[in-house]
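First the structure, in the form of C-alpha cells, and then the observations on it.
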Amino acid sequence: MTVRHFAIAALAALAAPVAIAQSASDAPLPQQTAQTPTHDDDRGPVDRLRDDGVSLRFVWANDWAASVRGGERLGATNGGGAVGGADFDMGKLAGIEGGKVRITFARYYGHSVAANDIGVIQKIQGYWYPKRQWELAQLSWEQQFKDSHINVLAGRINATWQFARSTYGCRFVSAPDCPYQLTNTSGGFTGFPYVNWGARVTYQPDARYVSIGAFEINPERRNNNGLDWSTHDATGVLVPVEVGYGTTFADDPYPKHLKIGGWYNSAPFTDPELNTRGLHRGLVGGTARSYDGGRYGLYVLADKVVWKPDPTRNTRNLALFGSVTGPLDNAENYTLQSTLGMLWTGLSAARPTDALGFQATLFRFSRKAVGFEDDLIHKNSGTSDHFARNEWMTELNYNYKLFPVVSLVPNIQYIVHPDILGNTVGVKRVPANALVIGLRVMVNMGGPGSP
C-alpha cells in the first residue's frame, strides 16, 4: 500500500461515522453553554440569523511592527488580513439534529518584519501570511452524537485548530503559540489558513476527553487557494492523538485545561544541514537530503485561572499557561519548544475587558539547523561566528478595548539569539538580539483570539 493510499484509507475510516449519523441532539458540546434566548423586539439581523441557525463571524487585524534594534537590519512593515465565515446549524436548517457545517474564508496582505528585517522563521506579526491570496480556510461537517458523547469533524480543515491548541496563545500578536510552532513546522500539522483533507473524532463524556485524527499531508496546500481537492500531491498522513481535561466558567469558578498528546507523521522530510551527496548544503549548495517518513513527537499544554479580585464574578481574572513539546527524532530544525505566559484580564474595575499579556517562548534548535546557519555565515563572510541553539521570543502587550469588538494592542517583543531560517539570503553575520515595537488594530466578532 502506498503512502497516498494509506492516507486516503485513514481519512475514510475516521470520516465514516458521519455517513451513518442517526438522530442526535443539537445540544452544546460538554463544557459549552447554550445561547441565551433573546426577545424578538431586541434582536438585530445577526441575532435573527443566529437564532435561525446561521452564526456569522468576522475578524480583521492589521499588525504594524518595527525592528528598532538588532536583527539583520532595522525596518518597519505592515501586514494583516481578514477572516470571515459562518456556522450552519443543520438541525434548525435541515432537520439533521447534531449536525453543523462550518465554512471560513481568509485573505492576507502586507509584509513580514520577521523575515524581511530580523530573519527569524517564527512570525512576529501573527496576522501576516506569505500567500497574499484568497483562501478557503475551512469547509467541514461536524456531527455531535449526544447519547454516545462522540463528536466527529471531517472535511477541509486545519490540524492545528483541532490538536495542540493553546487556550490563550491567540491573544498575542506574535505567533509561537497560535498555532503551536513546533507541531506546525516539525510535526506536519496543517496550519491555518491552509487546508487539507482531514477528520477528527472526540469522545467526551464529561470534562475529560480523548481525540484522534488523520490529516492529509500535502506540500502544495499553500499554492492552490484551498480549492484543489485532489490528493494527487499528497505525500503522507498525520495521525495525532490527544487526551485532556477542560472546564469553563460555566462549571468551574477557576477554569483549567490540560492537554497531553502526540503525533505520527508518515511523510518524507529533508535534512536541515546536508545535501543529497552528504555534504554541507550551506557551504556547497545542492538539494537537501530526503528521508523516508516516520516521525513522532509529544506535547503537553496546561492553563488555569489562578486569581479573581471578586470571586463571584468571572470577567476580571488572572490566568497562567505553559506548554512543552518536542520531536522524538534528531533530523528536525527544532528539538524543543516551551512556552510560559500570563493573561491578566481587567486590571482595573473601570476597564474590566482590557487585558495585559506576557508570553515567553524558548526554541531549542537542533545541531543540524545551527550547523547550516553557521555554514552560511562562514561562507558569506569568512568569520567564525556561531549561532546559539537556544532562542527566546518574548512579548508584552496590552489589549485596549476601544469598543466591544474593536481592540488596539500595542506590544513590545524582544528576541534573544535570533535565527536566520526565515531569510537566509545574503546573511553575513549572526544577528544581534532584536527589539520590536508594534501596534495591532483588530475588529473581532467571534473569531480566533476572542475573549
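Rg over Rh for the stretch 325-416 works out to 1.19, both radii taken from alpha-carbon positions and Rh defined as the Kirkwood radius. Suppose R0 equals 41 Å. What FRET efficiency, 1/(1 + (r/R0)^6) with r the Cβ-Cβ distance, do Phe358 and Leu93 give to the nearest 0.05? Once the sixth-power term is evaluated, E becomes 0.40. Computed on protein heavy atoms with a 1.4 Å probe, the accessible areas place Leu376, Leu340 in the order Leu340, Leu376, largest first. Within straight-line reach of Lys256, meaning a Cα separation under 22 Å, sit the following lysines at least 8 residues removed in sequence or on another chain: Lys304, Lys308. One decimal place: the segment Ser148-Val68 gains 23.3 nm when fully extended, by the rule 0.36 nm per residue minus the C-alpha distance. Inter-part distance, the stretch 328-361 to the stretch 163-238, computed on C-alpha centroids, equals 20 Å. Exposure check, 1.4 Å probe, all protein chains in place: Thr287 carries approximately 100 Å² of accessible surface. Taking amide H atoms as placed 1.01 Å from N in the peptide plane, the amide H of Leu274 lies under 5 Å from those of Arg281, Arg289, each 5 or more residues away in sequence or on another chain. To put it simply, the accessible area of the stretch 370-451 at a 1.4 Å probe is 65 percent carbon and sulfur. Note that the stretch 185-342, at 20 °C in a medium of 1.002 mPa s, gets a Stokes-Einstein diffusion coefficient of 116 µm²/s from its Kirkwood radius over C-alpha pairs.
For Lys123, the residues whose amide H sits under 5 Å from its own are Ala175, ignoring neighbours fewer than 5 places away on the same chain, with H placed 1.01 Å from N.
Hey, how much of the P(r) for the stretch 50-151 falls beyond 15 Å, as a percent of Cα pairs? In whole percent, the share of Cα-Cα pairs in the stretch 50-151 beyond 15 Å is 69. Heavy atoms of the protein chains alone define the surface here; on that basis the stretch 72-189 has 32 Å² accessible area per residue at 1.4 Å probe size. All distinct Cα pairs of the stretch 183-258 go into the 1/r average, and the inverse of that average, the Kirkwood radius, is 14.4 Å. All C-alpha pair distances within the chain, sorted into 10 Å bins from zero, spread as 4, 19, 30, 28, 13, 4, 1, 0 percent across the bins. Electrostatic bookkeeping for Met442 treats Lys and Arg as +1 and Asp and Glu as -1; over the other residues with beta carbon under 12 Å from its beta carbon, the sum is +2.
The local environment of Thr353, defined by Cβ-Cβ distances under 15 Å, has a net charge of +4 under the rule Lys, Arg +1 and Asp, Glu -1. Gain on full extension, evaluated as 0.36 nm per residue between Thr270 and Val54 minus their Cα-Cα distance, stands at 73.4 nm. Each residue of the stretch 86-102 was assigned a 3J(HN,Hα) from its phi angle through the Karplus curve 6.51 cos²θ - 1.76 cosθ + 1.60 (θ = phi - 60°); the sequence is 8, 10, 10, 6, 6, x, 6, 8, 9, x, 9, 5, x, x, 8, 9, 10 Hz, with glycine and proline shown as x.
At R0 = 35 Å, how high is the FRET efficiency between Arg367 and Glu220 if r is their beta carbon distance? Nearest 0.05 is fine. E(calc), rounded to 0.05, equals 0.70. Remark: the chain carries a charge dipole of roughly 780 debye about the Cα centre, counting +1 on each Lys and Arg Cβ and -1 on each Asp and Glu Cβ.
Could you tell me whether the stretch 262-310 comes out rounded, prolate or oblate from its Cα gyration tensor? Rule is a ≥ b ≥ c as square roots of the eigenvalues, rounded for a/c under 1.5, then prolate if a/b exceeds b/c, otherwise oblate. It is oblate, given that a/c is not under 1.5 and a/b is not larger than b/c. Taking amide H atoms as placed 1.01 Å from N in the peptide plane, the amide H of Lys146 lies under 5 Å from those of Ser25, each 5 or more residues away in sequence or on another chain. One Cα centroid belongs to the stretch 58-91, the other to the stretch 421-445; the line between them spans 13 Å. Under the simplified labelling scheme, the Asn390-Val324 pair shows an inter-label distance of 1.3 nm, with each label point 7 Å from Cα along Cα→Cβ.
Across the stretch 360-371, rounded Karplus estimates of 3J(HN,Hα) from the backbone phi angles (6.51 cos²θ - 1.76 cosθ + 1.60, θ = phi - 60°) give 10, 10, 9, 10, 10, 8, 6, 4, 5, 5, 5, x Hz, Gly and Pro being marked x. Straightening the chain between Val46 and Ser348 buys 105.6 nm, computed as 0.36 nm per residue apart minus the Cα-Cα spacing.
For the peptides 294-307, 408-421, 111-124, the ranking by mean Cβ contacts within 10 Å, running from highest to lowest, is 111-124, 408-421, 294-307. 3J(HN,Hα) along the stretch 59-74: 9, 10, 9, 10, 10, 9, 9, 9, 7, 9, 7, x, x, 7, 6, 8 Hz, from the Karplus curve 6.51 cos²θ - 1.76 cosθ + 1.60 with θ = phi - 60°, whole Hz, x for Gly and Pro. Classify the stretch 102-210: rounded, prolate or oblate, from the alpha-carbon gyration tensor (a ≥ b ≥ c, eigenvalue square roots; a/c under 1.5 rounded; otherwise prolate if a/b is larger than b/c)? Prolate shape, in that a/c is at least 1.5 and a/b is the bigger ratio.
The values are calculated or read from the model by the stated rules, or taken from the named source; none is laboratory data. These figures come from a predicted structure and were not determined experimentally. Positions of Cβ are generated from backbone atoms using ideal geometry, with glycine treated the same way; all protein chains shown enter the neighbour counts. Quick note on the areas: whole protein, heavy atoms, side chains included, nothing else; ligands and nucleic acids left out. Shrake-Rupley method; radii C 1.70, N 1.55, O 1.52, S 1.80 Å.
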